[in-house]
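Colleague: One structure is given below, represented as C-alpha cells, and several questions about it will come after.
Coordinate-derived values only; no laboratory data. In this text the structure is predicted, and so the values were computed from the model without any measurement. Every residue, glycine as well, gets a Cβ built from its backbone with ideal geometry; the counts of neighbours run over all protein chains shown.
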Amino acid sequence: MAPVDASLPPLLRIRELRKSFGAHEVLKGISLDVHAGEVVSIIGASGSGKSTFLRCINVMEMPEAGFLDFEDFSFDFRAGARSRPTQAQLRAMRARIGMVFQSYNLWPHMTVLENVIEAPMRVNGIARADAVRTAEALLDRIGLKDKRGAYPSRLSGGQQQRVAIVRALAMQPRLMLFDEVTSALDPELVGEVLALMAALALEGMTMLVVTHEIGFAREVSTRTVFFDNGHITEDGPPREVLRRPKSERLQQFLKRVLHEHVAGEGVEGERP
Amino acid sequence: MTFSEWLDFFMPYVPGFLHAAWLVFIITLLVIVVSWICGLLVALGKTSSFAVIRQAAAFYIWFVRGTPALIQIFIVYFGLPQLGLGLSPFVAGVLALGVNGGAYVAEIIRSGLSAIPKGQVESSLALGMSRHETLRRIVLPQVVRIILPAITNEAISTLKNTSLLSTITVVELTLYAQTIIATTFRPFEFYAATAVIYLVMTTMLSQVAAMLERHNARYV
C-alpha cells in the first residue's frame with residue numbers, strides 16, 4: 001500500500017458539511033480530510049448519514065452548507081455563495097471521482113464493453129479505439145474480457161458489480177466512492193467484489209468506502225470513521241476504532257453487526 | 001351468383017379500394033406524426049416548472065381522454081369555421097385525430113420515463129455525463145423499448161380511428177365502401193372486404209412492432 005504523506009495537502013477536504021431532507025437534518029456539520037492513498041471505511045447504522053455524505057462529495061446531493069476542496073475545485077455550498085458549483089464544474093469534478101453504487105446501475109441496453117467505453121468517449125473525448133483498448137485491459141484484469149460483448153443481464157451480480165467498478169476506473173479517477181457495493185449481492189458473490197477493491201487499495205487508489213463489511217474495514221482500510229446521527233464520532237486506524245471503540249454507540253453497533261454476520265454466514269473475519 | 005360472376009362484379013372496385021387503403025395509410029402516418037409532436041410537448045409540459053403550463057397539459061389530457069374522438073373531429077371540422085378557421089376535411093381530420101392521439105402518447109411517454117430506475121441516471125451523471133447526454137444515450141433508448149408495445153397499440157387505434165373521418169367526407173376506406181354500397185346494395189360483401197383490408201393493415205403494423213420488439217429484447 002502506498003504510504004500516506006500527511007504533510008501534503010489533502011486530496012479531499014470537507015468542512016462543516018450540512019444536508020437536510022425536509023425538516024430532517026441528515027448531516028450536521030461533517031468535516032473530513034482525505035489524503036491521497038488513504039482507504040477510509042465509513043461505518044454506521046442505516047440512517048446515520050454515511051451514504052448521504054458520500055453522495056454529497058460528488059454532489060449527487062447538493063449540500064445546504066459547507067466547504068469542499070478537491071484538487072483544483074473549491075466549493076462553498078452556502079446559499080448565495082459566489083463559489084457554489086456550476087453544472088460544468090460538477091461534470092468536470094465527477095469525471096475525476098469514480099462512484100460505485102449498491103445496485104450496480106449498469107446500463108442494460110449496452111454491452112459490457114459499451115458500458116465501460118461510454119463515459120471515456122463522451123466525457124473525456126477519448127478515441128473509440130483507445131477507449132476499447134483501455135476497457136479490454138481492465139476487463140482482462142477482472143477476468144471478464146470474454147464477456148465484453150454480453151449484456152449486463154447475462155452476468156451474475158458479482159460480475160456486474162465488478163464491471164461497474166471497471167466502468168468507473170476507465171475514467172482514471174483520482175478518488176473512488178463505494179456506496180455499500182456488496183449489500184445487494186448474494187453472500188457467495190461478495191468475496192470477488194471485495195477482492196477487487198482490496199487490490200485497488202494495494203495499488204494506492206484513494207477510496208471512501210461506505211460498508212457493513214467490518215472485515216473489509218479492518219483488513220483493507222487505512223482508516224475507519226464511525227457515523228452516528230449525522231456526526232463523525234470516531235475516526236482513526238481501523239484496529240483502534242474497531243478493537244477499542246470509545247463510545248458506547250460504536251460498541252453496540254459493532255456487537256450488532258458482528259453478531260448478524262456470525263449468525264448469518266459464519267465467515268466474518270475471513271474476508272476479503 | 002357463381003364465383004366467376006362474383007369476381008367479375010367485384011374486380012372493378014379493387015383499384016378504388018386499394019387507393020382508399022393507401023389514403024388510410026397516409027392519414028395514419030400523418031396523424032402519428034402530429035400526435036407525437038403533441039404528445040412530446042404535453043409530456044414535457046406536465047413536468048414544467050411553470051404551474052400554468054402543467055395545468056394546461058393536464059387539462060388537455062383530461063379533455064381529450066374524456067370526450068369521444070368523433071365529437072373532437074366535429075368540433076375541429078364543423079366548429080372551428082364558426083371562429084373563422086375553416087379547414088379542408090383532410091386537414092381537419094388529421095389535426096383532430098393527431099390532437100386526440102397526443103393525449104395518449106403523452107401518457108405513454110410519461111409512464112415510460114417513470115419506469116427508468118433513478119440509478120440509471122445517477123450512474124451516468126456520476127461519470128461526468130451531461131443531463132442531455134444522459135437523456136439521449138441512457139434514458140431514451142430504454143424508454144423506447146419499454147413503450148414500444150403501448151405505442152403499437154396506439155398506432156393500431158389511430159389506423160382504425162381514421163374510419164371516423166368518413167363522417168366529415170374524407171373518402172377513406174369506410175366512406176368509399178359506403179358509396180359503393182349505396183349503388184350496389186351489397187353491404188355484407190363490401191363491409192366484409194373493408195374489414196379484411198383494415199385487418200391486413202393492422203396485422204402488418206403488429207408484425208413490424210413484433211420484429212422491433214424482438215430486436216430490442218436482445219439485452220433483456
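Colleague: What pairs can you find where one residue is in region B:128-148 and more than 10 Å from chain A (Cβ to nearest Cβ), the other is surrounded by fewer than 19 Cβ atoms within 10 Å (Cβ to Cβ) and charged (D, E, K, R), and their Cβ atoms are less than 9 Å apart, with a gap of 6+ or different chains?
Modeller: Here the result reads B:Leu148/B:Glu213, each pair linking region B:128-148 to a residue that is surrounded by fewer than 19 Cβ atoms within 10 Å (Cβ to Cβ) and charged (D, E, K, R).
Colleague: Same structure, new question: Run A:Leu177 past the list (1) surrounded by fewer than 23 Cβ atoms within 10 Å (Cβ to Cβ); (2) within 26 Å of A:Gly49 (Cβ to Cβ) and report the number of the one that doesn't hold.
Modeller: It is condition (1) that A:Leu177 fails.
Colleague: Also, quick follow-up: Any idea how many residues of region A:205-234 are in contact (Cβ under 8 Å) with a residue 40 or more places away in the chain and in a strand (DSSP E or B)?
Modeller: The number of residues fulfilling the criteria is 12.
Colleague: Next question. Go through region A:20-52 and count every residue that is of a type outside the set (Gly, Ala, Ser) and touching a Phe, Trp or Tyr at 6+ places or on another chain (Cβ under 7 Å).
Modeller: Qualifying residue count for the region: 5.
Colleague: Being of a type in the set (Ser, Thr, Tyr) and free of Cβ contacts under 8 Å to residues at least 24 places away in the same chain: is that true of A:Ser83 here?
Modeller: yes
Colleague: Yes or no: B:Ile116 closer than 18 Å to B:Leu44 by Cα and buried (at least 18 other Cβ atoms within 10 Å of the Cβ)?
Modeller: The answer is no for B:Ile116.
Colleague: Here is a further query. Given the structure, is A:Arg84 at the interface with chain B (Cβ under 9 Å from one of its Cβ atoms), of a type in the set (Lys, Arg) and at negative phi?
Modeller: So A:Arg84 does not fit the description; no.
Colleague: Anything in region A:94-109 that is farther than 29 Å from A:Ser74 by Cβ, crowded, with 19+ Cβ neighbours inside 10 Å and more than 7 Å from every other protein chain (Cβ to nearest Cβ)? List them, or say none.
Modeller: Scanning region A:94-109 gives A:Tyr104, A:Leu106.
Colleague: May I ask you to list the residues in region A:10-53 that are under 17 Å from A:Gly204 (Cβ atoms) and not charged (D, E, K, R)?
Modeller: Matches in region A:10-53: A:Pro10, A:Leu11, A:Leu12, A:Val34, A:His35, A:Ala36, A:Gly37, A:Val39, A:Val40, A:Ser41.
Colleague: Any residue that is within 14 Å of chain A (Cβ to nearest Cβ) and closer than 19 Å to A:Arg167 by Cα - is there at least one of those in region B:92-115?
Modeller: Scanning region B:92-115, I find no residue that is within 14 Å of chain A (Cβ to nearest Cβ) and closer than 19 Å to A:Arg167 by Cα, so the answer is no.
Colleague: So, in region A:130-187, how many residues would count as being within 13 Å of chain B (Cβ to nearest Cβ), in a loop (DSSP other than H, G, I, E, B) and closer than 27 Å to A:Val40 by Cα?
Modeller: Counting residues in region A:130-187 that are within 13 Å of chain B (Cβ to nearest Cβ), in a loop (DSSP other than H, G, I, E, B) and closer than 27 Å to A:Val40 by Cα gives 8.
Colleague: I would also like to ask the following. From the list A:Val59, A:Val40, exactly one residue is of a type outside the set (Gly, Ala, Ser), in a loop (DSSP other than H, G, I, E, B) and surrounded by 16 or more Cβ atoms within 10 Å (Cβ to Cβ). Which is it?
Modeller: After applying the criteria, what remains is A:Val59.
Colleague: Quick check: anything in region A:111-128 farther than 20 Å from A:Thr211 by Cβ and more than 14 Å from chain B (Cβ to nearest Cβ)?
Modeller: Scanning region A:111-128 turns up at least one residue that is farther than 20 Å from A:Thr211 by Cβ and more than 14 Å from chain B (Cβ to nearest Cβ).
Colleague: I'd like the residue in region A:70-116 that is polar (S, T, N, Q) and not in a loop (DSSP other than H, G, I, E, B) and, out of all such residues, is farthest from B:Arg137 (Cα to Cα).
Modeller: Among those residues, the one meeting the criterion is A:Ser74.
Colleague: What pairs can you find where one residue is in region B:47-69 and outside any helix (DSSP H, G or I), the other is surrounded by 12 or more Cβ atoms within 10 Å (Cβ to Cβ), and their Cβ atoms are less than 7 Å apart, with a gap of 6+ or different chains?
Modeller: Here the result reads B:Ser48/B:Arg54, each pair linking region B:47-69 to a residue that is surrounded by 12 or more Cβ atoms within 10 Å (Cβ to Cβ).
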